[in-house]
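The numbers here are math on the coordinates, done by the rules we state, and not lab data. These figures come from a predicted structure and were not determined experimentally. For neighbour counting, all protein chains shown are included, and Cβ atoms are generated from backbone atoms with ideal geometry for every residue, glycine included.
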Amino acid sequence: KEHLFTSDLSNLEWTRMDKDFLVLSACVWRSADAKLMLAYGSVFDGIHIFEYTTDGQVKCLRPMSHLKGHAGSIFDVAISKSGLLLASCSDDRKVIIWSMETMTSLKTFEGHSSRVWRVKWFQENAII
């Protein structure tokens, strides 16, 4: 499916969405090839990656990937400064680092004693 929205990316206005749509966190960035990208973490089914495209006068988000690896709601997603890595955290007590080039998980951090609510990039390869 494609989701239509206003051209003002600071205020995404969804005009069509799946029935189980509830976003807890989202981030927007430019990919290595300068495409405008959006990632959002869902309560229901993982992380969705979209590319912003224009088809004539219609602006839309084209689905690129659906990342699965968490067993619970995604509380936060954060993109690295380069746009090559995405960090996610969940109520499953995991932090996962994803490659935005291959759309696969690179590393999973487990063993937290409770839910992980936030992720933030400290440097390109270091999260806090």
*Mind ranking 84-93, 110-119, 67-76 by how tightly packed they are, going by the mean number of other C-beta atoms within 10 angstrom, highest first?*
84-93, 67-76, 110-119
*With each pseudo-label sitting 7 Å past Cα toward Cβ, what's the Ser114-Arg62 distance in nm, one decimal?*
4.4 nm
*asked:* What does the C-alpha gyration tensor say about the overall shape of the range 74-128? Classify as rounded when a/c is under 1.5, otherwise prolate if a/b is larger than b/c, or oblate.
replied: prolate
*Can you pull the one-decimal nm distance between simple spin-label points at Leu84 and Glu51, each 7 Å off the Cα toward Cβ?*
1.9 nm
*Select from Leu67, Ser90, Thr54 the residue farthest towards the positive end of the dipole of the range 51-128; place +1 on Cβ of Lys and Arg, -1 on Cβ of Asp and Glu, and compute about the Cα centre.*
Ser90
